[in-house]
Structure formats: structure tokens, C-alpha cells
1. Within 10 Å, count the other beta carbons around each residue, average over each peptide in 214-222, 695-703, 144-152, and list them highest first.
2. With an 8 Å Cα cut-off and a minimum separation of 6 or more residues, compute the relative contact order for the chain in percent.
3. Just grab the label-to-label distance for S339 and D37, each label 7 Å out from Cα along the Cβ direction, in nm (one decimal).
4. Please give the contour-minus-distance gain from K613 to D563: 0.36 nm per residue of separation, less the Cα-Cα distance, rounded to one decimal in nm.
5. Give me the percent of accessible area attributable to carbon and sulfur for the chain, probe 1.4 angstrom.
6. R0 = 45 Å: FRET efficiency of E630 with E401, Cβ-based, nearest 0.05?
7. Just list whichever of K25/K233; K72/K263; K318/K636; K229/K543 have alpha carbons separated by over 32 Å in the model shown.
8. Given the -39500 (n - 2.57) contribution per DSSP H run of 4+ residues, what per-residue ellipticity at 222 nm results for the chain, rounded to the nearest 500 deg cm²/dmol?
Amino acid sequence: MLSVYLYENSTEIYNLEPLGNSEEKVVVICPHPMAADSLRSRISDPSRAEVITISKFSSDLLNKIDEEIILKRKADLLGQLATIWKKKLSDYAADSFFDSFNLFTELRGYSLDFEMIKEVLPSYDEAIQKSLPIYWMYFEQLGIVDEHKANEILSHHLKIGISEEVETTYLFWGFNHINSGQIDFINSLAIRNKVIIPFPKEVFKQTRPGDWIRWFKADELREELTEFKRDVKSYFFPKKRLAQKLKEILDVEEVEQIVLAEKKVTLDSCLEVSVLPTHFRTTADLFSAYTKRAIDEIESVVGEGIECEELISCVKSKVAFELSKNIEEKNFRLIKVYSSLLKIITDYKALSDDNEFIKFYDVQVVREIISLNLPRDYFAPISNLEKKISILGLNELESSEDVESIFLLTDAYQGVKKGGSKYQEDIMKFLSSLGPIQRPELEFLMVREKFRELLDKGKIIFCIQEGLVESDRSWSEFFRGVEFLREEIFTPKVETFRNVLETEGRSFDQKVSASKLQTYIDCPKKFFYTYLERKEIDASNSKDLRPNEIGSLEHEVIEKYFDKVRNWDEGVLRETVSEVYKKFVEENRKLLSEVKEKISLYEIYNYSENGVKYILNILENMVGSEVSFEAFLADKEFVSGRIDCIIKFEDKFIILDFKRSGFSIPSKGEIEKYSKIQLPFYLKHFGGEIQDVLFWGFVNLSNTEESLLIHGGHELGKDFMERVGLGVKTRKSAFDDLNLWFSEYCEFEDEVIEELKKETLWRANPSKDDVCTFCSVSNLCTRGSV
């Protein structure tokens with residue numbers, strides 16, 4: 001017997017009220033471990049209820065029917081169908097395989113009869129139309145048992161009866177969706193057992209005929225919706241000010257539980273609100289960085305194609321290398337990834353002779369399989385403090401305690417959405433005749449109902465980003481019936497008036513660098529707030545690559561390239577870019593989107609190539625020359641800094657600085673007038689004489705033809721520049737008499753350094769208007785006054 005129990009509050013389920021009497025026992029079946037764990041902690045009489053997941057229940061029952069049945073996991077099926085695609089459908093794009101695989105697994109949830117499913121195929125592209133019949137035939141001929149076939153087998157045996165089956169009461173709890181195969185399975189289970197499906201009464205009133213619950217209880221509930229009205233104390237905060245506002249609230253409110261307006265909490269969202277000791281459980285991505293590194297290495301090895309045995313040997317060597325390290329140096333996560341890859345590739349090869357040769361497509365298949373196979377890990381902070389605030393997401397509302405809580409909402413959170421469907425209207429109409437369509441709005445209503453239960457307890461306050469509810473249709477609907485009682489926090493403060501940019505009295509007594517001296521020349525106050533009382537924003541924890549980081553990577557690639565070879569080799573450059581990039585991303589915990597990563601790598605490779613070829617051109621025309629990178633300045637006791645590139649030819653020098661674009665290169669006039677002093681500073685302190693410099697300047701890595709080069713103090717400078725095809729500007733300039741210009745520059749630098757050492761007022765005196773553009777205190781500065 002099957003019944004749908006419409007409850008008004010979840011406590012009815014926790015108290016086992018749907019059962020017939022107080023002695024009756026029940027097996028509660030949940031969709032996943034989190035729901036099962038939550039329910040176990042809530043049931044009022046645990047001795048009466050066994051709580052398990054549907055996966056465990058189905059697996060045990062299948063084993064009881066036939067121990068020989070092997071249930072294939074998604075990762076196993078992916079490898080098998082990928083091999084079929086490779087054999088039969090390789091003319092189509094590789095991306096089409098993954099689309100076809102996902103659609104295939106979804107459609108089997110509606111029916112295992114291909115004659116029924118094939119009606120939807122004309123709505124898809126040619127690759128889908130040709131692949132799905134082949135997949136279906138393959139499954140049928142080999143008798144493959146996936147989760148959907150398992151439901152069919154279980155349904156069949158439950159209908160005819162299973163030996164030694166004892167009548168049991170089952171309760172299905174926590175499901176947001178049940179597919180067609182599961183519906184047949186549950187109905188079959190109810191033939192000789194008592195099956196109860198609890199469902200929130202208010203949500204049922206808003207269901208549609210095609211929703212999954214109506215496949216169990218088809219009749220409508222002819223009752224009016226109960227009007228929901230609640231007043232909730234609410235604090236509001238400006239965008240990106242959540243942590244600050246939360247800290248203020250926790251100073252005046254007793255809070256034991258935080259609920260985030262996010263379906264699935266992330267480590268970042270939890271850490272953002274951990275202004276006090278907190279307790280939470282969230283997924284920990286322990287392997288993704290190492291998986292990406294390993295797959296990228298495999299891609300570089302595979303190239304245009306490679307024998308599978310050769311690839312297996314390569315991966316084995318990487319495992320052996322990691323295992324050979326001392327215990328302190330072993331990277332066990334990387335060993336786990338390599339070992340998993342080794343098994344996946346070996347199993348993939350064994351599927352078919354077609355997999356004896358591996359190409360890029362196969363690597364993408366391996367990438368997907370390992371993402372399914374690696375362990376799912378969780379992160380939970382450990383603390384010996386007794387008082388800790390719990391953090392939950394919207395999918396964990398059933399785990400919420402009856403304690404003082406605060407609900408946090410910002411536009412950074414991915415809440416529940418009402419609309420949207422993955423199918424076209426005609427496909428959806430057809431599939432709805434085979435089974436229930438997963439409707440986002442139904443999940444929205446169920447989550448909102450659980451949230452309303454939390455509000456009914458009267459122990460929750462809100463902290464909401466200003467204007468967000470009004471501007472977002474989904475959140476407006478989510479809070480229907482809620483009256484926000486705006487609350488303000490007034491913190492009495494002793495008013496003290498002072499100039500926040502007060503700079504007088506401090507002095508500078510450190511080593512001078514080109515950048516420090518340039519900043520002082522630009523503006524003394526900017527120097528003060530850059531080097532004496534730092535007010536720059538440190539974005540070093542950004543997950544994206546910042547422009548200065550990309551520039552540093554390009555410099556490092558050029559240097560590492562010349563450590564390996566002194567001639568042009570595209571393979572060496574690609575290898576070097578990969579090595580430098582991977583090391584930096586891992587050490588700095590960067591996490592770029594696929595698009596951003598491709599863009600960054602494209603620039604790093606191309607700009608580095610420009611730089612390498614530029615240096616090679618000079619070296620090839622100056623046989624016997626030596627090149628060094630990141631060379632320290634000679635006067636270490638007084639100055640600091642490093643020169644990007646110095647080329648030494650016999651006893652003469654070329655001094656170069658790399659820039660990502662022409663925007664960063666000063667004009668020749670600015671250098672002549674000492675308003676830009678980076679390279680003149682290097683000329684004075686590199687450790688040689690100006691007469692020994694052949695030429696010097698800035699190399700534009702984005703377009704080397706737009707580089708700025710200036711001939712040196714040696715009369716052969718112009719000749720050498722012309723010899724390497726760099727050209728010489730003919731217009732008159734101060735550099736025509738370089739020795740005189742440089743002598744005057746040295747006097748200028750000495751005067752500025754002496755002035756810097758004596759400075760105590762640090763006036764706001766920008767040399768040009770654009771100096772203020774990138775100054776961290778420009779919005780507060782009075783510009784030009786003391």
C-alpha cells in the first residue's frame with residue numbers, strides 16, 4: 001500500500017506521526033548521505049527507525065535478487081561509450097560525445113524502451129541522432145546494468161515477489177525529484193509493503209499534474225493556500241560589506257547559527273562570515289589542482305598522438321619518481337592522481353584495440369573519468385573552543401537547530417531559482433507523458449517551505465544586501481509574506497578629528513630603488529603612503545592573474561628559456577611556459593576559469609616568444625656575447641633593484657628592461673628631462689661605466705617594433721644597433737651628447753636622494769595630473785597643499 005502523507009511541519013516526520021501506532025518500526029530511505037545524517041539526528045525515537053540512502057537500499061536489494069549482477073557506475077559507462085564514439089562516430093566533434101552521453105543517461109530515466117525515446121531525436125543535431133540508437137543497442141546486447149536498468153530489475157522482482165521478503169514499512173524522505181524508473185520501483189515496492197511519501201501540504205497545493213509527487217497522488221488538494229505572514233528583524237548593508245556588518249551585528253545580537261542564502265555552501269563563503277569561531281562542513285577540493293597538472297602533462301606528451309603503452313610507461317615513471325622521494329618530500333595527493341590515471345588509462349586501453357593509440361579526444365575522456373573517480377572530500381574546521389557558530393546552506397535547513405540564528409543574503413550567493421528548463425517545449429511536452437519533468441520551481445517551493453518553518457520558530461534575524469530583494473524576482477518571491485523590520489545599529493563613538501593623511505614627522509632611511517625614487521619624484525605624499533605608511537590594496541590573494549603577475553611570468557619564461565638553450569626552439573618555449581605557469585598557479589593557489597587561463601597562456605607564450613627572439617637576434621649578431629637576467633645592481637649598500645636583462649659583448653654592455661606594452665614605456669622626452677628615471681638609475685648603478693654601454697632601453701613584448709632604444713656612451717653604439725637591425729632615431733636629442741646628459745642626470749639623482757633623506761613634510765605635490773590616477777589616497781588627497 002502506498003500513501004502520500006501531506007504534513008504541515010517537518011516535526012510530524014521527526015516524531016514518526018505518519019506511522020499507524022507508537023510501536024511501528026520503519027525504514028526511512030533518503031536521497032543522499034547528508035539527508036540521512038540530518039534525519040538521524042532529528043528522529044525523536046531512533047530505535048524505531050533505520051535510516052539509509054536509496055543507493056544503499058537498492059544495492060542491497062539487487063544483491064539479494066542476484067549476486068552476479070554488476071551495477072555499472074557512470075565513470076565505467078563513460079569509458080565504454082567514449083570508445084564506441086571513437087569507433088563509430090569520430091567524424092563528429094569530441095564535445096558532441098559528452099553532450100550525447102549526458103542526454104543518454106537523462107533519457108534512460110524516462111524510459112528504457114528506445115522506441116518511446118526516439119520520438120525526441122529529431123529535435124537534436126545529427127551527432128545526437130546517430131549516437132543514441134548505437135548506445136541503446138550496445139546496452140541491450142551486452143545486458144549492461146546502470147542505475148536505471150537496476151530500477152527496472154528491482155521493479156520486476158518486487159512485482160512477482162522476492163523470496164523471504166518480510167512486510168516492512170518504508171518512508172521516502174528528502175527527495176526533491178523522483179524519475180520515472182524510481183516511481184515504478186516505489187510503486188512495485190508498495191505491492192507487499194507499506195510505503196509512505198511525506199510531502200509538504202502547502203507545496204502540494206501549488207503542484208502541477210506533471211510534478212513527480214502527482215504521479216503518486218494524482219488528485220488535487222482543493223484547499224486555498226494558507227497566507228504566510230511574518231515580521232523579521234532585518235539589518236541591511238551596502239554591497240561587499242557583509243563581513244563588516246556581521247561583526248557589528250554579533251556585538252549586539254546573540255547568534256548560535258548562521259544560514260547562508262546559498263544552496264551549497266563553499267569554503268570561501270564560510271570563511272567570509274567566520275568573524276567568530278564557526279563550525280561548518282563543506283566540500284574540499286583536494287585534487288583538482290593536481291589533476292589539472294597531471295592531465296596537462298599528459299596532453300603535452302600526447303601531442304598529435306601517442307601509443308597507449310608509451311603513455312602508460314610515462315605515467316608509471318611519474319608515479320615511480322614521486323614514490324622515490326623522501327617521505328617529507330612525497331606529494332601523496334599527486335601520487336593518488338597519477339595512480340588513478342594509470343588505472344584509468346590501462347582499463348581504457350583494455351576496452352578496445354581502437355584505444356591502442358591515444359589522441360586529444362581520449363585525454364578529454366580520461367579527464368572526465370578521473371573527475372568522477374577521485375574521492376569526494378570535506379572540510380570542517382577543528383577547534384577546542386566550546387562556543388562555535390554553525391554555518392548552514394539552504395540545502396541543509398533540515399539540519400538547523402532550534403537556536404538564535406541569522407540569515408545572510410548577498411548577490412554573491414547562488415540561491416534557488418524559480419524558472420528555467422533544460423528541454424525545449426516540444427520535448428518537455430513529450431517527456432512529461434513518460435515521467436515527471438524536473439521542475440526548478442518545485443524545488444524552489446520546497447526550499448522556501450523549509451525556510452518558512454525556520455521563520456515560524458521566531459528565532460531568526462536577517463542580514464541582507466541593500467536593494468537585492470527588490471531587484472531580484474526569485475528572492476522577492478522567496479520572501480513573499482515577509483515584512484522586513486529594519487534595524488539600525490547605533491554605536492556611540494568619541495568624535496576625534498584628525499587629518500587621516502597626516503604625514504609630518506616621519507623620515508625615510510632605507511635603501512633607494514628606481515621605483516622608490518620615481519615615486520618620490522612623482523609625488524612626495526604618494527611616496528609616503530606607498531613606502532612609509534602603506535595604504536595600497538594588496539590583491540595577492542586574487543584567484544585570477546593580475547597584470548603585474550603576468551608580466552613577471554613572461555620575464556621568468558624568457559630567463560628560464562635561455563637557461564636551457566641559446567637558439568630558437570618552439571618546443572622548449574612551450575615546455576617552459578607550461579612549467580613556469582603551473583608552478584606559479586600551484587604555489588599561489590590561483591583558480592582561473594578555462595577561458596581566462598587560455599587567454600593568459602596565449603599572452604604569456606606570444607609575449608615571451610617576442611622577447612626570446614628579440615634577445616636571440618642580438619646574440620646571433622654579436623657572436624660570443626653573454627646574457628644574464630634579473631641582475632642585481634652593484635651598489636648594494638646604498639641602492640636596491642634588479643635589471644631585467646644585461647648582455648655583455650667583450651667589455652661592452654647592453655641594458656634592457658622588458659615591458660608588457662607600449663603604455664608602460666616612457667617617452668624619450670620624459671627620460672631626457674629626468675621625469676622618468678628607471679633606466680638612467682640602472683645606468684648609474686649597474687657596475688660599469690656609461691662609456692661601456694652600447695645601447696639601452698625598453699623592449700615592448702607585445703610589439704618589439706615599438707620598443708624604445710637609445711644608443712650608449714660608446715661611439716660604436718650606433719653601429720651595433722644598426723647591425724642587429726634595431727635602427728637609430730635621427731632627430732636631435734639630449735642623448736647626442738650622452739656623456740654630458742648622463743653627468744647632469746647623476747647630479748640630479750644625488751640631489752633628489754639627498755632631498756628624500758631629509759624629507760619630513762611629504763607634501764602632496766604631483767609632478768603631473770596622471771600621477772594621481774593610480775594613487776591609493778587620491779580621493780582623500782587635497783593635491784598641492786600640505
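The values are calculated or read from the model by the stated rules, or taken from the named source; none is laboratory data. The structure displayed is predicted, hence computed values, not measured ones. Cβ placement follows ideal geometry from the backbone for every residue including glycine, while neighbour counts extend to all protein chains displayed. Note: areas computed on protein heavy atoms with side chains; ligands, DNA, RNA excluded. Shrake-Rupley method; radii C 1.70, N 1.55, O 1.52, S 1.80 Å.
1. Details: 214-222: 13.0, 695-703: 21.3, 144-152: 19.1.
By packing density, highest mean first, the sequence is 695-703, 144-152, 214-222.
2. 12
3. Result for the modelled spin labels: 2.4 nm.
4. That pair, K613 and D563, stretches by 16.5 nm at full extension.
5. Ligands and nucleic acids excluded, carbon and sulfur give 48 percent.
6. Computed FRET efficiency for E630 and E401: 0.20.
7. Values: K25/K233 42 Å; K72/K263 29 Å; K318/K636 43 Å; K229/K543 42 Å.
K25/K233; K318/K636; K229/K543, as the Cα separations exceed 32 Å there.
8. Numbers: 29 runs with 338 residues, N = 786.
After summing the helix terms and dividing by the residues of the chain, the value is -13000 deg cm²/dmol.
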